[in-house]
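What follows is a short report on a single structure.
The values are calculated or read from the model by the stated rules, or taken from the named source; none is laboratory data. None of the values given here were measured: they were computed from a predicted structure. Here the Cβ positions follow ideal geometry from the backbone for every residue, glycine too, while neighbour counts run over all protein chains shown. SASA here: full protein model, heavy atoms, side chains in, ligands and nucleic acids out. Shrake-Rupley method; radii C 1.70, N 1.55, O 1.52, S 1.80 Å.
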There are 2 protein chains.
Amino acid sequence: MCGIVGYIGGQQAYPILIEGLSKLEYRGYDSAGVALLDDSGVEIIKSVGRLQNLEEKVGNEVPAGTMGIGHTRWATHGRPCDENAHPHSDCSGQYVVIHNGIIENYHALREWLTSVGHTFRSETDTEVLAHLVEHYFQGDLKQTVRQVLEKVTGSYGIVVMSERDPDRLICARKDSPLIIGLGDGENFIASDIPALLKYTRDTIILEDGELAEVTRDSVVVEGSDGKQLQKEIYHVKWDAVAAEKEGYDHFMLKEIHEQPKAIRDTLRGRLTEGGLVNLAELNLAEDQIWQLRKIVMVACGTAYHAGLVGKYVFENLLRLPVEVDVASEFRYRDPLLGEDTLVVVISQSGETADTLAAMRLARQKGSPVVAITNVVGSTVSREADRVLYTWAGPEIAVASTKAYTTQLVVLYLLALQLGQTAGIVAEEEIKNMTEALQNIPADVERILEQEESVKDFANHIKDWEHAFFIGRGLDYAVALEGSLKLKEISYIHAEAYAAGELKHGTLALITENIPIIALATQPALYEKMWSNIKEVKARDAYVFGIVTAGDDETEKEVDVIFAIPKTIPILSPILSVIPLQLISYHASVLRGCDVDKPRNLAKSVTVE
Amino acid sequence: MCGIVGYIGGQQAYPILIEGLSKLEYRGYDSAGVALLDDSGVEIIKSVGRLQNLEEKVGNEVPAGTMGIGHTRWATHGRPCDENAHPHSDCSGQYVVIHNGIIENYHALREWLTSVGHTFRSETDTEVLAHLVEHYFQGDLKQTVRQVLEKVTGSYGIVVMSERDPDRLICARKDSPLIIGLGDGENFIASDIPALLKYTRDTIILEDGELAEVTRDSVVVEGSDGKQLQKEIYHVKWDAVAAEKEGYDHFMLKEIHEQPKAIRDTLRGRLTEGGLVNLAELNLAEDQIWQLRKIVMVACGTAYHAGLVGKYVFENLLRLPVEVDVASEFRYRDPLLGEDTLVVVISQSGETADTLAAMRLARQKGSPVVAITNVVGSTVSREADRVLYTWAGPEIAVASTKAYTTQLVVLYLLALQLGQTAGIVAEEEIKNMTEALQNIPADVERILEQEESVKDFANHIKDWEHAFFIGRGLDYAVALEGSLKLKEISYIHAEAYAAGELKHGTLALITENIPIIALATQPALYEKMWSNIKEVKARDAYVFGIVTAGDDETEKEVDVIFAIPKTIPILSPILSVIPLQLISYHASVLRGCDVDKPRNLAKSVTVE
């Protein structure tokens, strides 16, 4: 979940490392550090906090060297502080390492290294790597790193540098992304493409188990057997400008407003002129679909909430049982999988460690896997049998918005395609749904025009440390996502409840004026929701209701109302989540929080 | 969820009504009221708050009358206040009604009644019943009530009394329990047995759709077709003393300490001398079990959390897919049911409205139903195909403790019985499990002996308004129950997370010293839990760890440790929940909360 940058070439490395790290800061930002190598040896500078702290610490005394490595950290082992920031070095200070991931057996390794005389300066798992390099070094850095990696279990993207074998960076990956950027007389290493875009668009993507020796003029990649590999060069087509804020105060607000476009892009080319679905990349034949007895959706965080919506949609349209599971739970409960179970994994980044591991487990057990991801070339996209991309563009804000709504769009398309191919859903129903889907971007635009109207409620909620979201059915799935959004960026302890469950405990927490967000967009559940709204109103809660335009009855029950345009009820989650995103955003701004980079969180969770 | 008492006989009714209500106060206690009828007409006295408030209001001016009705309320429609308390009367004050349940079409009825000249004094749904009686009355109260009930939709247990047709109480039920107690020259009506125990043990249990006319000397019960029924007399064997606190400060603490006995009672007679399972009442043959393709567990609140443990247990032992669903959600998502799906419903009271409705839906769709309940004669127990009782005895505290652990015991027995009958689980494994199960009561006793050791942590937690519970797998299911317990009785906003999901948002809420309860009882997940504990320790959280005796490694990671006796890991939930119950109890006491009767909550939720 951290950010890695490496440089070796003819230019001074420090500004290049800082520039690259600044593009990766959204991946981790509790501390940062760089190590430079020149004739006088290795120089390491580290600082807790944002990258800016590091730059202030360096000031005008910029470290010299035409090769170096840099890192922005998101703490796992050991709290954020100068000592725990990367790069880490050995006792002699001659070997330096930066690392993403987790070394699982670091405890035992550390005890052994201590017993043979090594002294540790940090609480991190990473530091054992530096001492191991020192321990095994016999002149050849690449050979040493290979030897070291044989000793460790866990996940890593690492870069190693040493004054004892200079003029080369050694890097390797297992379950943590790493990319090499190719220049002219210079080469780059990074955990993510944005760090390289200013310098090069020609890249080599390392796979699990691969190790590379990068010099000024060459890149040699070896497989886990030590044999040299011929790697394809991947040319990045991304536009660097697309990752800027474009006049919005925050990436999150920009991304909320990009949703009409993102949804249009995600629908583009996937509907026929006759209103049917054409998800060509799915490539599942009728008999393959009829063989399915179950669908399992696996994801984490916001993507998991998209899966919960998916469950309702798939069960409703296909009458096929659907399980949704948190990836970190799914992996360890020995799930029942096989050829008759379609596994749908959802990950914006395509690098979410638990989701990736769950996908591998499913493939190993013979289940067909469909991956929904936003990042072309991501590990998930490369390993899945079938990939359905959300064309949302880069999502920089930690709090996911356009990734979620486009994941929903893809899930609707997937359910419809399966139903269409297998003849389970009538053509008329498919056409009704696709017509409504094509209206969704304009519906979202109409919601965004009402942005001002959520500000009063955001102003009420900002003074509270608690909030509750309630809904039934699809509205409950959206309530979960709304509460996560509020929680992660405003630090208000928000929790979502299936409205009928409130009485079984949580109602004890309802006090005068406490903010409640009630979703009531499903006509079949209106009366039940009114009863639940009355329950909290009877305790004097302050209720913000999200309803469908034209529903005058619910309006009578709540304190503030927000109406979304009328659509087919099963599609309402794409619309009803938008006011929830806006409430969270404005509450976060009013509370003075760092909207795009909430404390303790990172954009894509590449450790377990 | 409210409490109902009625009396007609030769004694003064007021003390009898108050005595009965005092035994039902755990079912609802935001307001109370009585109505007495004598020659001078109807007198109604009501008061917001506990029953004691009503008694103080009455003082020495005890209302006269040898017949009357009384009610303790738990607000649904309209907040707690004098006006909204029951009994409700019509415009003339001649007809009085008490009611449990919800009248769903009250809005339309109220508008119509207002338009024809009726004036309403309360915000309740119940008041329409009184005005309807007034509207339709033509001399015969029984006929009038029958006519009124044809106009309403919803659920009800009602008692109606009128000075225009005196010397009789009319009562009726639909989806809300009602019992008639038989005396000598006097008769009683109540929503629950404890209200009657002081006066009689001979009862008639009304079924849905039944209506009764109760006079001093007779009880006539009619079916929904108006025909008179011959009802069985049910003799209550319960001991009234069993429902007292027995020296403990609170019912909850008493019930926590009753768990060894409750678990022993629940196991009694269900294991053979050879260590196999003998759940004779299940009565499912081998071929019926092999026909099952899926198990669905449906419940609310704490019972739902028991179902989550059940999912792990059943999937692990039987390799059969298990879905667990909140009853209020299950009913409205058009679930996939049929003969090949075993539905397990769990409800302590056997009266939980949503669970009951879910059970009826399952039966209607042809699924075999097994009910797990604690109350003999409850609606669930009477309507299920098969009933497995938890022999926990009456549970008075709103926060469920012994019901949960005995529900777990029954779930283990059920899984083992299915596996044993169908030959899916090896005898050796069954014997290991039953041996460990028989040790559980003694294990629980050993945990209870450590009660003092949770007090320091309870003292830490009492100053916080937030707390988080984390765990993986079975530990996550227990974490959910622990957080509900803390939330409902201490009003601390507690939330449980699958430990691997923290990083996907909730970690933003972790600040210095915030209390975290981490469960780490599953050896296969130790290392993953350590990583998650480190994540919160890195943000300076204060961590209470629940581990298995002998696990020295986890101890190093946490601030406070509580070790449960070693058992088979799959059985650990019965043990690990006990320290969580104790923490909640002591935190609640330290915060000065009303442990047994938390605000806004009622013991059994008989409305949707």
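The table that follows gives values for the structure above.
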| item | result |
| --- | --- |
| Contact order normalised by residue count of segment A:243-449, Cα under 8 Å, 6+ apart, percent | 29 |
| At 7 Å out from Cα toward Cβ: B:Arg333 inter-copy label distances (nm, ascending) | 1.3 |
| Segment B:243-449: antiparallel DSSP beta bridges as a percent of all, rounded to 5 | 5 |
| Threshold 10 Å² - residues in segment A:526-556 whose accessible area is reduced by that much or more when the chain is no longer isolated, probe 1.4 Å | A:Glu527, A:Lys528, A:Ser531, A:Lys534, A:Glu535, A:Lys537, A:Ala538, A:Arg539, A:Asp540, A:Glu553, A:Lys556 |
| B:Arg472 long-range amide H proximity, modeled H, under 5 Å | B:Ala499 |
| Filtered GluC sites (Glu not before Pro), segment B:206-313: DSSP coil and at most 14 other beta carbons within 10 Å | B:Glu232, B:Glu244, B:Glu246, B:Glu273 |
| Shortest-first nm distances, A:Gln147 label point to equivalent points in other copies (7 Å, Cα→Cβ) | 10.0 |
| Principal semi-axes in Å for segment B:3-237 [√(5λ), Cα gyration tensor, largest first] | 23, 21, 17 |
| Three-way shape label, segment B:412-454, alpha-carbon gyration tensor, a/c 1.5 | prolate |
| Cross-link pairs B:Lys261/B:Lys487; B:Lys254/B:Lys603; B:Lys534/B:Lys556; A:Lys311/A:Lys503 - those with Cα-Cα distance over 22 Å | B:Lys261/B:Lys487; A:Lys311/A:Lys503 |
| Gap separating the Cα centres of segment B:75-133 and segment A:141-196, nearest whole Å | 75 |
| Stokes-Einstein diffusion coefficient of segment B:50-183, Kirkwood radius over Cα pairs, 10 °C, 1.306 mPa s, in µm²/s | 103 |
| Two-site FRET efficiency, A:Leu336 against A:Asp249, from Cβ-Cβ distance with R₀ of 56 Å, rounded to 0.05 | 0.75 |
| Interface area, A with B, accessible, probe 1.4 Å, both sides summed, Å² nearest 100 | 6600 |
| Stretchable slack from A:Asp202 to A:Asp552, in nm (0.36 nm times residue separation minus alpha-carbon distance) | 120.3 nm |
| Chain B: relative contact order as a whole-number percent, Cα under 8 Å and 6+ apart | 12 |
| A:Glu512-A:Asp39 FRET efficiency (beta carbon distance; Förster radius 51 Å; 0.05 resolution) | 0.15 |
| Descending Cα extents along the principal axes, segment A:243-449, whole Å | 49, 40, 26 |
| Carbon + sulfur, % of accessible area of the protein assembly as shown - ligands and nucleic acids excluded, 1.4 Å | 46 |
| Segment A:517-548 and segment A:421-485: distance between their alpha carbon centers, rounded to Å | 15 |
| Protection proxy ranking of A:553-562, B:51-60, B:338-347, A:488-497 - average other beta-carbon atoms within 10 Å, highest first | A:488-497, B:338-347, A:553-562, B:51-60 |
| Column: log10 I(q)/I(0), Debye, Cα scatterers of the protein assembly as shown, q = 0.05, 0.06, 0.07, 0.08 Å⁻¹ | -0.37, -0.53, -0.71, -0.91 |
| Candidate lysines for bridging to B:Lys431, where Cα separation is under 20 Å - those fewer than 8 sequence places away on the same chain excluded | B:Lys566 |
| Range of Cα positions in chain B per principal axis (Å), largest first | 77, 56, 44 |
| Accessible solvent surface per residue of segment B:243-449, calculated while the other protein chains remain in place, 1.4 angstrom probe, Å² | 33 |
| Rounded to whole Å, sorted largest first: equivalent-ellipsoid semi-axes of segment A:451-591, Cα gyration tensor | 20, 18, 13 |
| Inter-chain shielding of A:174-181 (mean C-beta neighbours from other protein chains, 10 Å cut-off) | 0 |
| Mean ellipticity per residue at 222 nm, deg cm²/dmol - from DSSP H runs of n ≥ 4 across chain B, formula -39500 (n - 2.57) | -11000 deg cm²/dmol |
| Label 7 Å beyond Cα on the Cβ vector: B:Gln11 copy-to-copy distances, nm | 9.5 |
| Residues whose placed amide H lies under 5 Å from that of A:Gly154, excluding near-sequence neighbours | A:Glu104 |
| Pairwise FRET efficiency - A:Asn283 versus B:Tyr234, Cβ, R0 = 56 Å, nearest 0.05 | 0.30 |
| Threshold 50 Å² - residues in segment A:306-346 whose accessible area is reduced by that much or more when the chain is no longer isolated, probe 1.4 Å | A:Arg319, A:Glu329, A:Tyr332, A:Arg333, A:Leu336 |
| Antiparallel DSSP beta bridges within segment B:187-343, percent to nearest 5 | 55 |
| Residues whose placed amide H lies under 5 Å from that of A:Cys300, excluding near-sequence neighbours | A:Ala327 |
| Counting DSSP beta bridges with both ends in the protein assembly as shown, the antiparallel % (nearest 5) | 60 |
| Probe 1.4 Å, all protein chains present, accessible-area order of B:Arg599, A:Arg73, A:Arg168, largest first | B:Arg599, A:Arg168, A:Arg73 |
| Solvent-accessible surface (1.4 angstrom probe) belonging to B:Lys597, in square angstrom, nearest 10 | 40 |
